[in-house]
Every structure is written in C-alpha cells, then in structure tokens.
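For reference, the structure discussed in these notes is given below.
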Amino acid sequence: MIEVKNLRKSFKGLEVLRGINETIAKGEKVVVVGPSGSGKSTFLRCLNRLEEPSGGEIWFEGTNICDPKCNINRLRQKMGMVFQQFNLFAHLSVKENITLAPTKLKIMTPAEADEKAMQLLNRIGLAEKANAYPSQLSGGQQQRIAIVRALAMNPDVMLFDEPTSALDPEMVGEVLDLMIQLAEEGMTMVVVTHEMGFAREVGTRVLFMDEGQILEQNTPKEFFANPQNPRTRDFLSKIL
Ligand code: ADP
Ligand code: MG
C-alpha cells in the first residue's frame, strides 16, 4: 500500500529524515516509536505530503505522491490523519466538522454526509453532541470526533501522531479503544505513540526511529523482548 524509498527531509540545512526505506502492506498496524525529535512526526507528515520531502520517493497505492501531477486531494482523502492536538475546527459544530471535507470535495451530497456523520457519531456514542462545539467536549470526546471525521472520507489508511499524548490520563482509554476497534476491522494504520501497551497488543510491527533513521524494526514481541540496537535498548530502558 505504501512504499517509501530513501526518503529525506531537511529544514533549512537541518537533516531530519536521513534515508527512510519502508514498505507498509494493506492491513498492517505499524507502530512508530523513538525519542522526541527523532523525526517521527516529520515521517508521518511526509506520507500525506503535509511536509514536502527533500528527496526520495513515496508510493501510495501505485502512485508516486511526490510527482507534481499527483492529485493531493485524492491522496489526503485516502489517508486519514489524526494529530496530538485534535485539530477540530472551533467555529464549526461537531457534525459540521465531520461533513465539511466530504461535501467540500463533492464526495457526498450534504444529505449523504449528514447521514454518514450521524452514523459515525452513533457508533462512538456521541450522537447527542452533533450540534455541540468542540470547546464543549472533553479531550477524549474531541479526539474521538477527530478520528471519525477522518473516517468519514472512507480512508484506506489512518495515520495517527501521538493521538493520546495531549489527553488527561482518564481519557486515554476511550481513544485507544476506538483505535483498537479500527484495527480489528482491518484498517491499515501507522501510529506514532508512547503507549507501549497498544504497541504490544495491536501492532503488527514496531519501528524504532532515532536521528532521522529507522534503526530497528520487529514484531512487538521480539522488539520488546529482544531489542538489538543499543539505542533501542537505551530508549526502552527509559520508558518501560
Ligand atoms: P518527533 O516527532 O520524533 O518528536 P519531529 O519530526 O517533530 O520529531 O522533529 C524532528 C526534528 O525536526 C526536530 O529537530 C524538529 O525541531 C525539527 N523540525 C520539525 N518540524 C520542523 C519545521 N517545520 N521547521 C524546522 N524544524 C523542524
Ligand atoms: Mg512528534
């Protein structure tokens, strides 16, 4: 589904991604871990071109997304993204947040988008919040809305960048539960997270990033039981 070849990214001379090679197959749940500043967010943001790669290639469903002719709207439609800071539109209601993209991109009529939004809100038990504004919701509710907003576009892959890091501890579970449901339904997922329980239980593969490179990757079982690289061992010893 996704093939990354020698991906490089620099910000004003600072090399942040230093040759990433990675293949992600349909249905995989790839968990990306690593120290702060190692390039995890930049890697994820390059996948849907929120950041412009400085070099290399990224192929998604057979299209080179770095090609200037690539249809960026179609690409983003197929790649849902969820951020640490929910990023809901504060001036739009919950339902409008969900219907905005599908109607603006003319993927659905307003009535279809409305129906889809209510279906998704029912699914997460927040139908009664349809007309509320984001500021009236808890962090956990906002993040679950952000997730279903991405799902409204029927994406083929979901990218999550530390989706629970900004939440109060008691709200982490409800967001992880929704992510686990998605995983069980077969969604392809790339998840940057410090939730090692999630990595163990849900991940099909764990990638360890450090200084702009993927230093090590393995099944969660092997990754945690048997880290090979000294830097992986050092990282795990600090967080586990
Ligand atoms: P991580 O998500 O692993 O914490 P990031 O991808 O956010 O790492 O950042 C990697 C490095 O790139 C850091 O040194 C960060 O300061 C730098 N960086 C990220 N985004 C920008 C930007 N827009 N401009 C300049 N430097 C950036
Ligand atoms: Mg980050």
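We did not get these values from a lab; they are worked out from the coordinates using the rules stated. In this text, all values refer to a predicted model and were calculated from it rather than measured experimentally. Because the Cβ atoms are built from the backbone with ideal geometry, glycine has one as well, and the counts that use them run over all protein chains shown.
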remark   = Dipole check, the chain, charges on Cβ (K,R +1; D,E -1), about Cα centroid: among Ala132, Gly173, Leu47 the Cα furthest to the positive pole belongs to Leu47
Over 25 Å (Cα to Cα) - which of Lys40/Lys221; Lys9/Lys69; Lys40/Lys106; Lys5/Lys26 fall in this group = Lys40/Lys106
query = What base-10 log of the normalised intensity I(q)/I(0) is obtained for the chain from the Debye formula, alpha carbons as equal point scatterers, at q = 0.08, 0.13, 0.16, 0.18 Å⁻¹?
reply = -0.30, -0.81, -1.19, -1.42
query = How much mean residue ellipticity at 222 nm does the chain get from its helices, if each DSSP H run of length 4 or more adds -39500 (n - 2.57) and you divide by all residues, to the nearest 500 deg cm²/dmol?
reply = -11500 deg cm²/dmol
request  = Measure nothing but the geometry: give the 0 to 90° angle between the long axis through the Cα atoms of 139-151 and the longest principal axis through the Cα atoms of the chain, rounded to 10°.
outcome  = 90 degrees
note = A correct fewest-to-most ranking of Glu28, Glu170, Glu57 by other Cβ atoms within 10 Å would be Glu170, Glu57, Glu28
About the Cα centre, charge dipole magnitude for the stretch 2-238 (Lys/Arg +1, Asp/Glu -1 at Cβ), debye = 540 debye
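Considering only the other residues whose Cβ falls under 11 Å of the Cβ of Lys5, what net charge follows from Lys and Arg at +1 and Asp and Glu at -1?
Charge balance near Lys5 sits at -2.
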request  = Please report the relative contact order for the chain, taking Cα pairs under 8 Å with a sequence separation of at least 6, and give it as a percent rounded to a whole number.
outcome  = 27 percent
query = Taking trypsin sites (Lys or Arg not before Pro) as exposed when DSSP calls them loop (any state but H, G, I, E, B) and at most 13 other Cβ atoms lie within 10 Å, what is the longest stretch of the chain free of them, the sites themselves excluded?
reply = 107-240
